[in-house]
Amino acid sequence: MISGKNYIGAHLSAKGTITYRTFNPLLNIENEPLHTEASQEEVDEAVDLAASAFETYGAMSGSQKATFLNTIADEILNLDDALIQMYCSESGLPEGRAKGERGRTVGQLRSFADLITEGSWVDATIDTALPDRTPVPKPDLRKMLVPLGPVVVFGSSNFPFAFSTAGGDTAAALAAGCPVVVKSHPMHAGTSEMVASAVLRAAGKTGMPNGVFSNLNSSGTAVGVQLVGHPQVKAVGFTGSIKGGRALFNLASQREEPIPVFAEMGSINPVVALPSALKGHADDWAKKYAGSITVGAGQFCTNPGLILGIQGTDLDRFIKILGSEIETLEPNCMLHPNIHENYEKGKSELSGQHGVTVAASYDAEVAANHARQKILTVDGPGFLKNPRLHQEVFGPFSIVVRCADLDELTMIINNLEGQLTGTILGSTDEIRANQKVGTALQNRVGRIIFNGVPTGVEVCPAMQHGGPYPASTDSRFTAVGTHSIKRWVRPFSYQNWPQELLPDELKDGNPMKISRLVNNALSNDPI
C-alpha cells in the first residue's frame, strides 16, 4: 500500500536519490517501506502546481470547499485499520491514542467545513457611499478576508494526524482557499502518504484543481529550506521545536518577498500552586500532576514543565507525593530513538545544574525508547539566575520551584519566556487578593487555566493555542480551532466596485445571508 513516493498533486513521483525508512520505536526496528526524498525539481513542480491551482481554488465557493473537506474526512475514515496500524508502527503510540487523534482530525475538517458553508467568517464589512458629503464625497468601500495563496505545512512529530498531513494547519488553509504543500515528517512518512492519498481521492471526487494538495518526503532539512524559499509560497505552518521554527522564520524573513511563518514552538507551561490549593489538597493535586506530566510520555506541547509554589510544609508534601506517584507509573514509549536520546540529554543537563535537587526519578530498567520520568526542585533565586532551567525538556519531566513568597514567585513569572499556557491552582479569594500573579501570568501566556491541568487542548472557536514568543511566532493567532483560519488570509477592500462584479459576501442583496458589519452595525439583512 505504501509506495514511498511523493505526491506532486495527484501524480506519484520519485526523482530523488536520497532514500530512508521510518522507525518503529516500540519494536525498536526500522519499518520496511523505503521512502524517496523529494528532489528540487519535484519541490518546484509541487509549488508551481499549487500556484496554478490557486487561480481556480481561491475563487471557489465556501460550499464547494466544504464538500472537499468533508470528503477528505470520509476518505480518512475509509482507510480504517490499515491507517491506524501504520500510525502505531511509526510512532510507538497505542491504538487508542491513534483512534482518538484520527477522530480529532476528522472533527477539525468537518468544523472548518461548517464554518465556510455558513460564511460569516470572512468578516464582511461595508461602508456605503455618501456622494453628497462635503467637502469630499465618501466612496463606497467593502472589505472581506481573501486567501493568501499556496501554503507550506510542516508535519509535526508528536501528532501524526492532528498536526500533520490533513491536520489543523492544512484544514484551515484549505478552508481559507489556499492550496497546500505538505512536507511530511520523516518519522511518519508512511502515515503521511496514506493520509495524502485520502486527500487526493477527495480532491478527485469533488472536482478540485490538480495541485490543490501535494505531499513531499524529506529525511532532513533540505526540502523544507527549498519550500520556504520558493517565491510562489505565501505562508508557512509549523509545529515543533524552537530551533526549527526560528530557522524557518529567519529564512522566510530573508526572502526578497518576506512571508509569514506561523510556528507553534516550545513551552514549559508554568503552574502556580497558591497556598490555598495545597493546604489540605496537596495529595490530590500531586496525583493529578503526576498523570499530566507523564501522559503520552510527556510529548505534548502543553506538558506542565514548571511548577511554582511557596516554600513550606504544604509544598513539601506536594513534592513528596508527586515524587512517589511519578516513581510508580510505568514509563511510556517515546516517538523515536532520536527524541528519546534528546530527552535523556536534556534531563541529564538540567539535573546537573547548580542548586538543583532530584526530587524523584524512575530508575528501574525499561524497554528501548521508553522515557524514565523525573522531577527536580530548585529555589527561587537559583531558578532566576539560570535561564537554562527555563528551557523545555520534551518528555515526562518537570521542575518544582520553591519560592520564598508571592513577590518572588511573581518575579519568576515576569522573567519567563512566552508560553502556550499558564495554570493557577487556588481559591477565588486568594487569586482575587493576589491579582498581580494572574496579571503577570496573562502577560506571558496564551491561555490561563483555573484549578486544572494544561494537558488537553479542546478544538473549538474559543481555544487560543499560541502565545508570546517563543511559544509561537505571532501571539495574535491560534493554531487550534476555527479561528486559526485567519492565519491564511488577508483583508482586501473594493472601492466603488460594480454590484455585479462583487463577491456574493459583499453584494447589497446578501445572497449568502451572512452576518456583516454594515455602516458600523451588524446585520444579516440586505442593504
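Overall form of the stretch 1-55: prolate. Here a/c, set by the Cα gyration tensor axes a ≥ b ≥ c, is 1.5 or more, and a/b is the larger of a/b and b/c. Solvent-accessible area assigned to carbon and sulfur over the stretch 424-515 amounts to 52 percent, based on a 1.4 Å probe. Size descriptors for the chain, from the alpha-carbon set: Rg then Dmax equal 24.8, 83 Å. Label-to-label distance, Glu95 versus Ala364, with points set 7 angstrom from Cα along the beta-carbon direction: 2.5 nm.
Backbone geometry of the stretch 24-32 corresponds, through the Karplus equation with coefficients 6.51, -1.76 and 1.60 at θ = phi - 60°, to 3J(HN,Hα) couplings of 9, x, 6, 8, 6, 9, 6, 7, 5 Hz, x marking Gly and Pro. Mind pulling the angle between the C-alpha long axis of helix 282-294 and the longest principal axis of the chain? Nearest 10 degrees, somewhere in 0 to 90. Its long axis makes an angle of about 50 degrees. If the viscosity is 0.890 mPa s and the temperature 25 °C, what translational diffusion coefficient in µm²/s does Stokes-Einstein give for the stretch 385-458 when Rh comes from Kirkwood over Cα pairs? The Stokes-Einstein estimate is 182 µm²/s.
Taking θ as phi - 60° and the Karplus parameters 6.51, -1.76 and 1.60, the scalar couplings of the stretch 421-427 work out to 10, x, 10, 10, 9, x, 7 Hz in sequence order, x denoting glycine and proline. With all projection directions averaged, the alpha carbon convex hull of the stretch 1-129 covers 11.0 nm². With N the number of residues in the stretch 279-374, Rg(Cα) / (2.2 N^0.38 Å) evaluates to 1.10. Taken over the C-alpha atoms, the stretch 288-342 has Rg and Dmax values of 13.2, 40 angstrom.
Can you give me the % of accessible surface on the stretch 235-383 that is carbon or sulfur? Probe 1.4 Å, all protein chains present, nothing else counted.
Taking all protein chains in place, the stretch 235-383 shows 51 percent carbon and sulfur surface.
Determine, at each q value in 0.22, 0.25 (inverse angstroms), the log₁₀ of I(q)/I(0) that the Debye formula gives when each Cα of the stretch 229-273 is one equal point scatterer. Summing over Cα pairs of the stretch 229-273 leads to -0.70, -0.84.
Stokes-Einstein diffusion for the stretch 329-427, with the hydrodynamic radius set to the Kirkwood value over Cα pairs and evaluated at 20 °C in a medium of 1.002 mPa s, equals 145 µm²/s. If the label point is 7 Å along Cα→Cβ of Asp504, which residues in the stretch 111-138 have backbone nitrogen under 12 Å from it? Within reach of a label on Asp504, which here means backbone N under 12 Å from a point 7 Å along Cα→Cβ, the stretch 111-138 contributes 117-120. Using bins of 5 Å that start at zero, the share of Cα-Cα pairs per bin across the stretch 316-370 amounts to 4, 17, 21, 24, 22, 10, 3, 0, in whole %.
Counting only alpha carbon atoms, the long axis of helix 80-91 and the longest principal axis of the chain meet at about 50°.
In order along the stretch 195-201, phi translates into HN-Hα couplings of 5, 4, 4, 5, 4, 6, 5 Hz, rounded to whole numbers, per the Karplus curve 6.51 cos²θ - 1.76 cosθ + 1.60 with θ = phi - 60° and x for Gly and Pro.
Normalising the Debye intensity of the stretch 109-200 to I(0), with uniform scatterers on Cα atoms only, and taking log10 at q = 0.14, 0.21, 0.23 Å⁻¹ returns -0.61, -0.99, -1.10. Computed from Cα atoms, the angle from the helix 95-118 axis to the main principal axis of the chain rounds to 40 degrees. Between the beta carbons of Leu77 and Thr134, assuming R0 = 45 Å, the FRET efficiency works out to 0.10 to the nearest 0.05.
In the stretch 80-180, Cα pairs under 8 Å separated by at least six residues give a relative contact order of 26 percent. Entry note: the stretch 153-290 has Rg to Rh equal to 1.13, where both radii use alpha-carbon atoms and Rh is the Kirkwood radius. For the stretch 58-167, the ratio of Cα radius of gyration to the globular rule of thumb 2.2 N^0.38 Å stands at 1.60. Taking amide H as placed 1.01 Å from N in the peptide plane, the amide H of Val271 sits under 5 Å from that of Leu306, Ile307, Leu308, Thr423, each at least 5 places away or on another chain.
Checked against a 31 Å cut-off, the cross-linked pairs Lys183/Lys374; Lys288/Lys436; Lys65/Lys243; Lys279/Lys345; Lys183/Lys513; Lys287/Lys345 give Cα-Cα distances beyond that limit for Lys183/Lys374; Lys65/Lys243; Lys279/Lys345; Lys183/Lys513. In the distance distribution for the stretch 41-100, Cα-Cα pairs more than 12 Å apart total 76 percent. For a quick check of understanding: with a 1.4 angstrom probe and all protein chains in place, what accessible area in square angstrom does Cys333 have, to the nearest ten? In the full protein context, Cys333 sits at about 10 Å².
Once backbone amide H atoms are built at 1.01 Å from N, Ile448 has Gly422 as its partners under 5 Å, excluding neighbours fewer than 5 places away on the same chain.
Between Ser120 and Ser515, the contour length at 0.36 nm per residue exceeds the Cα-Cα span by 141.7 nm.
Our helix-only sum for the chain, with -39,500 (n - 2.57) per DSSP H run of n ≥ 4 divided by its residues, gives a mean residue ellipticity at 222 nm of -11500 deg cm²/dmol. Protein heavy-atom accessible surface, 1.4 Å probe, per residue over the chain: 40 Å². Taking label positions 7 Å along the Cα-Cβ direction at both Ile448 and Ser475, the computed distance is 1.2 nm, reported to one decimal. Above 16 angstrom, tally the Cα pairs of the stretch 414-527 and express them as a % of all pairs, no decimals. Cα-Cα pairs of the stretch 414-527 separated by over 16 Å account for 71 percent.
Once you keep just the Cα pairs under 8 angstrom separated by 6 or more residues, what percentage relative contact order results for the stretch 321-370? Worked out over the stretch 321-370, it gives 62 percent. Per the Cα gyration tensor, the stretch 417-468 maps to an equivalent ellipsoid with semi-axes of 20, 14, 8 Å, ordered largest to smallest.
The values are calculated or read from the model by the stated rules, or taken from the named source; none is laboratory data. Note that the structure is predicted; figures quoted are calculated from it, not measured. Ideal geometry is used to build each Cβ from the backbone, glycine not excepted, and the neighbour counts take in all protein chains shown. Keep in mind that these areas ignore ligands, DNA and RNA; they rest on the heavy atoms of the full protein, side chains included. Shrake-Rupley method; radii C 1.70, N 1.55, O 1.52, S 1.80 Å.
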